[in-house]
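Have a look at the structure below before the remarks.
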Ligand code: NAP
């Protein structure tokens, strides 16, 4: 039976490191989250992020606007916040209403304040091997694997999913760790053959219980990123029977989820240090 690798203790270790580093600073890092509308999932994610930031001792504020806010007004607000000297980290909670072009919003945020790591400059730095701010969920997955002593160097890793939020940046980060990476998606032929090659299989598909035991190599490490609400339960992408084949498995909820928030806090501290101590332009 697979070991269950929880994210909570790993997130706690990240928070402890942040607290130690904060205590040596002569300023308070400042995070601002912008939310539009009242989508219940966004409301609860934003609340969680702001609360965690405050608990750690950051200055943390949330700006809430009506769903109908015009795109230009949002962009103008971002431009003002980019110039605000005290502000270290800025994120606009996704998804955005359909009249707002997410790429325009993400490109408007100053790369040095882009704690979500979605700005094209940060995407470029991730792939070119430079220093920058990188997406929180992929960073959290790498951190979780390292915590549980997985040596990524030379490992055959298959990522299921190629989104800009999870699959693609995760591939870039894994390459930086010297893993051998395959990114599979909805057009991938002979998917079970591909996934069975993986020593580490990472599922970010968003389809409950999509990964079945016959898709998994005996002894593989399986990371379940998927979260889908089905009635009152949160289900992952990985079928529970995979635990009979894998050597380790991250649970849903309680696996990758806590790591995403932890790495947002780590990114906020990193943004503060990069911007204030001289950063790549
Ligand atoms: P997304 O943008 O919907 O991307 C899903 C990916 O899965 C796409 O690349 C898609 O392929 C691929 N896919 C869909 N059906 C497939 C199939 N039948 N076979 C192979 N690949 C298939 O989703 P996302 O934003 O990456 O999120 C994925 C999941 O992770 C969701 O459940 C989300 O809620 C969860 N998530 C969790 C966290 C966390 O902190 N725990 C953070 C982010 C996301 P195509 O590109 O070909 O369409």
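Here the peptides 42-53, 247-258 are ranked by packing, the mean other Cβ count within 10 Å, and the order with the highest first is 247-258, 42-53.
The peptide list 84-91, 228-235, 201-208, put in order of mean Cβ contacts within 10 Å with the highest first, becomes 201-208, 84-91, 228-235.
Note on the range 155-281: Kirkwood hydrodynamic radius from all Cα pairs is 15.6 Å, rounded to one decimal. With q set to 0.10, 0.11, 0.16 Å⁻¹, the log10 of I(q)/I(0) for the chain, from the Debye formula over equal scatterers at the Cα positions, is -0.53, -0.64, -1.30. Our note on the geometry: Cα centres of the range 164-221 and the range 117-140, 20 Å apart.
Take the alpha carbon gyration tensor of the range 1-109, find the square roots of its eigenvalues, order them as a ≥ b ≥ c, and report rounded if a/c is under 1.5; if not, report prolate when a/b exceeds b/c, else oblate. Taking the square roots of the gyration eigenvalues as a ≥ b ≥ c, the range 1-109 is oblate. Look at where the Cα atoms of the range 6-69 and of the range 225-281 average out, and the two centres are 15 Å apart.
Taking every alpha-carbon pair under 8 Å whose residues sit at least 6 apart, the chain reaches a relative contact order of 22 percent. Adding -39500 (n - 2.57) for every DSSP H run of four residues or longer, then dividing by how many residues the chain holds, sets the calculated 222 nm ellipticity at -12500 deg cm²/dmol. Which percent, to the nearest 5, of DSSP beta bridges fully inside the chain are antiparallel? Of the beta bridges lying entirely in the chain, close to 10 percent run antiparallel. The alpha carbon convex hull volume per residue for the range 45-121 rounds to 92 Å³.
Only the coordinates and a few stated rules stand behind these numbers; no lab work does. Everything numeric in this text was worked out from a predicted model, so none of it was measured. Note that we place each Cβ from the backbone using ideal geometry, even for glycine, and neighbour counts take in every protein chain shown.
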